[in-house]
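Colleague: The structure's right below; bear with me while I get my questions together.
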Amino acid sequence: MIETAVVILNWNGVNFLTQFLQTVVLYSEDTNTEVWIIDNASTDNSIQYIQDNHPTVKIITLDTNYGFAGGYNRGLRQISAEYYILLNSDIEVTQSWTKPLVAALKSNQIGACMPKIKSFANKNMFEYAGAAGGFIDTFGYPFCRGRLFHHIEEDTGQYNTECEIFWASGAALCISSKLYHEMEGFDDDFFAHMEEIDLCWRLKNAGYSIKYIPESTIYHVGGGTLPKENPFKTYLNFRNNLFLLYKNILYTNYKRIIRIRKFLDYIAMGMYFFKGDIKNAKAIRNAHKDFNNAIPSLKEKRKKNHRFHKRTKHAEILNTSILFQKYILRKKKITMSNL
């Protein structure tokens, strides 16, 4: 068994592979690291490009597009390595980027970790999908140090200290293979978006820490699969966030929190209607419909989560509304009291 597998999930991403895979191979080359591609039934020439240009890269081909969650789950079962680093295809890595991440996981009770994620387009700025570590508020809205909704901070060294976070970005998530499989990996039902928050929440409830490791830096293009305002992305974000809350809030007032979150979602749906964006409004409606239909299966997942939990409360969950902080108090960043 090798020590580390850098694993890229690909779906029709030959343009990103052409641009970034060479650097991943170059900066991940040592005797204990392999680079793998899990291909979600691409119809472009991704596989041919890899075979022609990167013969050391190992390839797993899947028979259909299982999404981010299902694709990784099926592919990782076939990869024998002590540690996985799950990496988006639209990322430029830097020299020795894997070493601080793997070193962190060798510490006791660290479940997963992530590097500093900066923008490929503007390398002085943080990037939306992870920035300097992920958190959520009491109603399940995710945010990051370095990124609050669409306000992105410049990296001036303000987040150069390793710290505990709530979730590590799926754009570059490092986890031991043993723990990934023990926790049953990502939830296939998420398909894409927030499956990494779900996994990290389960890890936190089981007593593990999630860490931000700024000694490792990567540069992310972002939005490579679905555009920001794509109705399918809106649907997944709203549906999966309700999945996330139902499965993982282990304290007794979870039903009240979900009711409030639903009310806030209806406000968002109404705003889309008033703007004339009917497709995104319908996406939120469909997200709630499918969440309600999924409740019987979510109850079973919730029961399973209860069997493994050691902690029910987490300092990395903001005990107020991030919407209130952003839109009423006009804050551009949130300082967690424990950091």
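We did not get these values from a lab; they are worked out from the coordinates using the rules stated. Because the structure is predicted, anything quoted here is derived from the model rather than measured. Backbone-built Cβ (ideal geometry, glycine too); neighbour counts: all protein chains shown.
Colleague: Among Ser297, Ser177, Ser216, which one shows the biggest mean-square fluctuation in a GNM of the chain, springs joining Cα atoms closer than 10 Å?
Modeller: Ser297
Colleague: A further question on this structure: If amide hydrogens are placed 1.01 Å from N in the peptide plane, which non-local residues have theirs closer than 5 Å to the one on Leu250?
Modeller: The list, which skips near neighbours in sequence, is empty: none.
Colleague: HN-Hα J couplings of segment 317-326 from phi, Karplus 6.51/-1.76/1.60, θ = phi - 60°, integer Hz, Gly and Pro as x?
Modeller: Once θ is set to phi - 60°, the couplings for segment 317-326 become 9, 5, 8, 8, 8, 5, 5, 5, 4, 7 Hz.
Colleague: Continuing with this model, one more query. Using the Cα gyration tensor of segment 225-326, with a ≥ b ≥ c the square roots of its eigenvalues, what is the shape: rounded (a/c below 1.5), prolate (a/b larger than b/c) or oblate (neither)?
Modeller: prolate
Colleague: For a quick check: with amide H placed at 1.01 Å from N, whose amide H comes under 5 Å from Trp167's, ignoring anything fewer than 5 positions away on the same chain?
Modeller: The list, which skips near neighbours in sequence, is Gly134, Phe135.
Colleague: Something else: Past 19 Å, Cα to Cα, is the threshold; run Lys262/Lys282; Lys247/Lys313; Lys204/Lys233; Lys275/Lys332 against it and keep the listed order.
Modeller: Long pairs (Cα-Cα over 19 Å): Lys204/Lys233; Lys275/Lys332.
Colleague: So what are the ³J(HN,Hα) numbers for segment 265-274, from phi and the Karplus equation (6.51, -1.76, 1.60; θ = phi - 60°), rounded to whole Hz, Gly and Pro as x?
Modeller: For segment 265-274, the Karplus curve yields 5, 5, 4, 4, 4, x, 5, 4, 4, 5 Hz.
Colleague: Per residue, what volume in Å³ does the convex hull of the Cα atoms of the chain enclose?
Modeller: Taking the convex hull of the Cα positions in the chain, it is 135 Å³ per residue.
Colleague: To check my understanding: the extent here is largest minus smallest coordinate of the Cα atoms along each principal axis. What are those three numbers for segment 33-175, in Å, largest first?
Modeller: Here the spans come out as 42, 35, 35 Å, largest first.
Colleague: Sticking with this structure for a sec: Give me the one-decimal nm value for the distance between modelled label points at Gln158 and Phe263, 7 Å along each residue's Cα-to-Cβ direction.
Modeller: 3.2 nm
Colleague: State, to one decimal in nm, how far the label point of Glu300 lies from the label point of Asn253, with both points 7 Å from Cα in the Cβ direction.
Modeller: That separation, rounded to one decimal, is 3.2 nm.
Colleague: Also, quick follow-up: Rounded to whole Å, give me the distance from the Cα center of segment 113-133 to that of segment 298-323.
Modeller: If you average the Cα positions of each part, the centres end up 26 Å apart.
Colleague: For segment 164-292, report the convex hull volume of the alpha-carbon atoms normalised per residue, in Å³, without decimals.
Modeller: Taking only Cα atoms, segment 164-292 has a hull volume of 131 Å³ per residue.
Colleague: Taking amide H positions as placed 1.01 Å from N in the peptide plane, with prolines and chain starts having none, which residues 5 or more places from Leu318, or on another chain, fall under 5 Å of its amide H?
Modeller: The list, which skips near neighbours in sequence, is Ile136, Asp137, Thr138.
Colleague: Within segment 176-191, list the residues whose amide N lies under 14 Å from a label point set 7 Å along Cα→Cβ of Arg307.
Modeller: Only 182-184 fall inside the zone, counting backbone N under 14 Å.
Colleague: Could you derive backbone 3J(HN,Hα) for segment 184-190 from the dihedral phi with the Karplus parameters 6.51, -1.76 and 1.60 (θ = phi - 60°), listing whole Hz in sequence and x where the residue is Gly or Pro?
Modeller: Coupling constants for segment 184-190: 6, x, 6, 7, 3, 5, 6 Hz.
Colleague: Rounded to the nearest 0.05, what FRET efficiency do Tyr49 and Phe149 have when you use their Cβ-Cβ distance and R0 = 51 Å?
Modeller: 0.90
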